[in-house]
Amino acid sequence: MAVLEDADIKTRILQAAKKLFAQQGYDGTSIRQICQEAGANVALVSYHFGGKEKLFAALFTHFFPKQKMDDIDPGMNPVDGVKLVIREVTYFRQGDPHFVSIIQQEITLNSPRIAHIREHVLPTWFYLRKWIAEGREQGYFQYRSLDNVFLSVVGILLMHREQPYWKMVQEEISDLEDLILDMTDFILHGLHYKGDAAT
């Protein structure tokens, strides 16, 4: 029973930390605030995680979909690979906006915690870059600069569509599947996709 209670309190602390780091930033959030949000004793952060920095790192172990990355076939058709990244990044962004907000804040600040982000997130971007490059080599894509195209695609995938800033010029919130289809069409068009060899 105690093991289940420990797992529950650890999960509550992680959920609280994710929410508050997203809303207030890492530096603007105290251990006391996290424990108050989680309904936990302050000493439990040290007991379960070893402090605030290790609690931040634990967010990635707990919430980042590492198994999906491990299951990727790096040898897949490059068009299928690009489509896979579009789909999975969009599902992740829509499914866990707090976690995505934390990642983007830390990247913007170039914080010391960015090493945790690189370890977990960069493999996705390496795959995307690889597949965009292979797509040109295999005649599916046509573009001038790999760097420019790669960063443009990343920018589309990471665009903050749900922020209140855009409400004045946004007519409706897209269905998730429609959003994925629209972004896929837009990105493949931008890559001057030729052929239908991909599934």
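The values are calculated or read from the model by the stated rules, or taken from the named source; none is laboratory data. Please read these numbers as outputs of a predicted model, since none were measured by experiment. Cβ placement follows ideal geometry from the backbone for every residue including glycine, while neighbour counts extend to all protein chains displayed. The accessibility values were calculated without ligands, DNA or RNA, using every heavy atom of the protein model including side chains. Shrake-Rupley method; radii C 1.70, N 1.55, O 1.52, S 1.80 Å.
Residue-wise test of (1) in the same structural domain as ILE107 (by the TED database); (2) without any contact (Cβ under 8 Å) to a residue 12 or more places away in the chain.
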residue	(1), (2)
ILE31	no, no
VAL42	no, yes
MET69	yes, no
ASP73	yes, yes
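Among (1) of a type in the set (Phe, Trp, Tyr); (2) modelled with pLDDT under 90; (3) under 17 Å from ILE86 (Cα atoms), which single condition is TRP125 missing?
With (1) of a type in the set (Phe, Trp, Tyr); (2) modelled with pLDDT under 90; (3) under 17 Å from ILE86 (Cα atoms) applied to TRP125, the lone miss is (2).
Could you run through segment 110-143 and say how many residues are among the acidic types (Asp, Glu) and buried (at least 17 other Cβ atoms within 10 Å of the Cβ)?
First, pick out the residues of segment 110-143 that are among the acidic types (Asp, Glu): 119, 134, 137.
From what's left, buried (at least 17 other Cβ atoms within 10 Å of the Cβ): 134.
Going through segment 110-143 one residue at a time, the tally reaches 1.
At least 3 residues that are acidic (Asp, Glu) in each: list the helices (runs of 4 or more DSSP H) lying fully within segment 93-199 that qualify. Walk me through it before giving the result.
Numbers: elements: 97-109, 114-137, 146-158, 176-190.
Where helices (runs of 4 or more DSSP H) fall fully within segment 93-199 and carry at least 3 residues being acidic (Asp, Glu), they are 114-137, 176-190.
Can you tell me which condition ILE107 does not meet? The list is (1) open to solvent by less than 50 Å² (accessible area, probe 1.4 Å); (2) without any contact (Cβ under 8 Å) to a residue 40 or more places away in the chain, and all the others hold.
The number of the failed condition is (1).
Starting from residues that are farther than 10 Å from ALA22 by Cβ and free of Cβ contacts under 8 Å to residues at least 60 places away in the same chain, keep the ones in segment 85-104 and report whichever is surrounded by the fewest Cβ atoms within 10 Å (Cβ to Cβ). So that I can check it myself, show each step before the final result.
Our first condition is that a residue be farther than 10 Å from ALA22 by Cβ; within segment 85-104, this holds for 85-95.
Now restrict to residues that are free of Cβ contacts under 8 Å to residues at least 60 places away in the same chain: 88, 92, 95.
Details: GLU88: 17, PHE92: 20, GLY95: 12.
The residue in question is GLY95.
Scan segment 29-68 residue by residue and report those that are open to solvent by less than 30 Å² (accessible area, probe 1.4 Å) and either in a loop (DSSP other than H, G, I, E, B) or not small (Gly, Ala, Ser) (or both). Outline the logic, then answer.
Narrowing segment 29-68 to residues open to solvent by less than 30 Å² (accessible area, probe 1.4 Å): 29, 34-35, 38, 40, 45, 49, 51, 55-60, 64.
Result: THR29, ILE34, CYS35, ALA40, VAL45, PHE49, GLY51, LEU55, PHE56, LEU59, PHE60, PHE64.
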